[in-house]
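Student: Below is a structure I'd like to ask you about.
Read the figures in this text as sums done on the coordinates, not as results from a lab. Just so you know, these numbers come straight off a predicted model, no measurement behind them. Heads up, the Cβs are rebuilt from the backbone with ideal geometry, glycines too, and the neighbour counts pull from every protein chain shown.
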């Protein structure tokens, strides 16, 4: 149980580290107020993108504009105009009249008439301004209405970005007195006829019941706010729409009877200025965005929106804005931080980089859309759920995991990737046991390649030249192996050991191994073009492939460990490869069975390698069909008969060891890469097919043997006492003489 838990904890360590860290960081940024403006901007966007709500016909506005002022031909509206307006409206029997005009001082003519209207109209509500310094910011109410208690505060709560998103139910003064606002007073007047009043909630003294709805006061950290001033009793404004969303007529329309006689009946009538010249305009969520600037909203329209919000909540069950408690918002941020971290951590492997990067982009994009979509749908249903902090958590955790993976694994991948495949490194990083000693038994396809005669060639070159050739050759071969998803387990000088099936097993391991071998033999042609430019002899490569069960894992000690394989099947693969000539691919019967009929064979041979009890059959590959469609280029050897046979001395090689007794022979047939040898000893010594031999030419008249030449005995039908060889390594002078001789006779 614990080992599995430990493994899971290790494999997902990036999540356990990143998600809490990013969540705490985002919460801290939010607490510092650094995300407040962006969250307000998101709130405004959601407000503008909501479906349009129908007009609330219970509220109408008499909007005083510049044309009204020009019509009376006076610089200000005298009290007589307002007295006449209120008299006409009173006759229409509205439920309430809200005069959002300061009338603390008389403006003649007509002041007495206005006072009389105030005294005889119980449903007129005037305004006062109570927020601010007494001598500079506050404005008194009309004395007559103040004496009757028919006044309300018209103060609006403006956020630091100069927008109105909240409104007061009542304002609390410094002395603790609560002053009802203009909008809430008119709301209660309207609802009084419906038998609805504002009642305290017994279970919570901070809440009120208004008809079907319980009013909850705004708090300092609601929604996107941080340490906001929550004084008084504030409520988030649930606007019905942008400016001009309520039916509005001008002052002169009413005075000149251009409205119906019952136009205001059973309605709330609000009177206030609506044009720029009166400087009673405010920014709202509808006032501007990143791409457009809309007209601001008149203060009287903001009051109308709040009245409509309260009435609709009480009668129509239109919801007020609701917010989550802070712990739930923290959990929300944690959730999306987890989504971002999980996406990147799950797709952090370096294989198929383009595909993985595309997956990450698509995954994060979809997650972002889901986050925005879910919070928007919640907003449409009057829930303000933060979107910027979780979005920052989503993106932040993705970036942190990316950086973490790059930092923690980058150096390892860079260093060990020179020797191990990305898959092996990934496997080591994925499992806490990955670096422990030991392994597991698994069926693999084992692939090994070797350059024929390169050791002899390298002995004649400076070390720097040898390294340059090997690096160039291995780079090309490594690219091919990676393409076919092979795991490069080891570079052994000029040899390569590749695993197909470890650390990740696939059903087509054998197929890909054979296809990789053919592709590598094709790639050697490109390598030899560069060798020709460097004036160096061409490279010949042999490849052996075998499939079988081995132990794969970490081998070595705590100080020095390698990821590798152990088992007789690995040894058998080397034996199979040793039978190859340059350009040849030999595979075992097991590999052929697993790869299937798409592998094309041009020959087979039964051999009994050292350490194997029973003979085995190996097959020479000419190509692979199917989706790979790769084939070796087969060059037919054209032999010429030598007029004067070339004398040689040869000896068989047992592994890397040279035999003790030399045999004499002559080469009397020659091709570009092969030759036919006739034994000249009284008791001919004919090496077995696939045996490696070392030979020296004894040039006529020179008396001394040439440098060592290496070759492999190949299977061809010959007379007794003769055998064919395939040259694997020739010194430059020998190569030049043989080439010249062959070309002169082949013309």
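Student: Per-residue counts of other Cβ atoms within 10 Å, averaged by peptide: what ranking do you get for 220-233, 86-99, highest first?
Tutor: Working: 220-233: 18.4, 86-99: 20.4.
In decreasing order of mean packing, 220-233, 86-99 become 86-99, 220-233.
Student: If you don't mind, there's one more thing I want to ask. If Rh is defined by the Kirkwood formula over all Cα pairs and Rg also comes from Cα, what ratio Rg/Rh do you get for the chain? Kindly include the intermediate steps, with their values, before the conclusion.
Tutor: Values: Rg = 46.3 Å, Rh = 34.4 Å.
We get a ratio of 1.35 for the chain.
Student: Label-point separation (nm) for residue 220 and residue 294, each offset 7 Å from Cα along Cα-to-Cβ?
Tutor: 3.2 nm
Student: What are the extents of the Cα atoms of the range 427-631 along their three principal axes, in Å, largest first?
Tutor: For the range 427-631, the Cα extents along the three principal axes come out at 49, 43, 36 Å.
Student: In whole Å, what three semi-axes, largest first, describe the equivalent ellipsoid of the range 449-508 built from its Cα gyration tensor (square root of 5 times each eigenvalue)?
Tutor: Details: eigenvalues 151, 23, 13 Å².
Taking √(5λ) for each eigenvalue gives 27, 11, 8 Å, largest first.
Student: Specify the angular offset, from 0 to 90 degrees and rounded to the nearest 10, of the alpha carbon long axis of helix 732-746 from the longest principal axis of the alpha carbons in the chain.
Tutor: It works out to around 70 degrees.
Student: On to the next question. Using R₀ = 30 Å, calculate the FRET efficiency as 1/(1 + (r/R₀)^6) where r is the Cβ-Cβ separation of residue 733 and residue 682; round to 0.05.
Tutor: Details: r = 31 Å, r/R0 = 1.04.
So the FRET efficiency works out to roughly 0.45.
Student: As an exercise, use a Förster radius of 41 Å and the Cβ-Cβ distance of residue 257 and residue 374 to find the FRET efficiency, rounded to the nearest 0.05. Can you show the working numbers first?
Tutor: On the way: r = 53 Å, r/R0 = 1.28.
E between residue 257 and residue 374, to the nearest 0.05, is 0.20.
Student: Could you work out how far helix 79-91 tilts from the main Cα principal axis of the chain, as a 0 to 90 degree angle to the nearest 10?
Tutor: Helix 79-91 and the main axis of the chain meet at about 80 degrees.
Student: Sort 497-507, 628-638, 389-399, 708-718 by the packing proxy (mean of other Cβ within 10 Å over each peptide's residues), most packed first. Write down the numbers at each step before the final one.
Tutor: On the way: 497-507: 19.9, 628-638: 12.8, 389-399: 23.6, 708-718: 17.9.
Output ranking for 497-507, 628-638, 389-399, 708-718: 389-399, 497-507, 708-718, 628-638.
Student: Right, next: Taking all pairs of different Cα atoms in the range 242-281, averaging 1/r and flipping that mean, what Kirkwood radius in angstroms comes out?
Tutor: On the way: mean 1/r = 0.0849 Å⁻¹.
Roughly 11.8 Å, rounded to one decimal.
Student: Apply 1/(1 + (r/R0)^6) to the Cβ-Cβ distance of residue 105 and residue 366, taking R0 = 60 Å, and write down the FRET efficiency to the nearest 0.05. Intermediate values should be presented prior to the final figure.
Tutor: Working: r = 63 Å, r/R0 = 1.05.
Once rounded, the FRET efficiency stands at 0.45.
Student: How many nm is it between the label spots at residue 322 and residue 689, if each spot is 7 Å from the Cα in line with the beta carbon?
Tutor: Going from the residue 322 label point to the residue 689 one covers 8.6 nm.
Student: So what is the relative contact order of the chain, in percent, for Cα pairs below 8 Å that sit 6 or more residues apart?
Tutor: Details: 1361 pairs, mean separation 75.0, N = 747.
RCO, the chain: 10 percent.
Student: Relative to the longest principal axis of the C-alpha atoms of the chain, give the angle of the C-alpha long axis of helix 568-578, reported between 0 and 90° and rounded to the nearest 10°.
Tutor: That works out to roughly 60 degrees.
Student: Treat each spin label as a single point 7 Å out from the Cα along the C-beta direction, and report the residue 661 to residue 606 distance in nm.
Tutor: Label at residue 661, label at residue 606, 2.8 nm between them.
Student: Using only the Cα atoms of the range 49-322, what semi-axes does the equivalent ellipsoid have when each is the square root of 5 times a gyration tensor eigenvalue? Give whole Å, largest first. All intermediate terms of the calculation are to be shown ahead of the outcome.
Tutor: Details: eigenvalues 164, 90, 79 Å².
Largest first, the range 49-322 gives 29, 21, 20 Å.
Student: Which value at 222 nm does the chain reach when only helices count, each DSSP H run of 4 or more adding -39,500 (n - 2.57), with the total divided by all residues and rounded to the nearest 500 deg cm²/dmol? Intermediate values should be presented prior to the final figure.
Tutor: Numbers: 20 runs with 280 residues, N = 747.
Computed ellipticity for the chain at 222 nm equals -12000 deg cm²/dmol.
Student: May I pose another question? With 10 Å bins from zero, work out the P(r) of the range 640-746 over every alpha carbon pair and list the percent per bin.
Tutor: 15, 53, 30, 2
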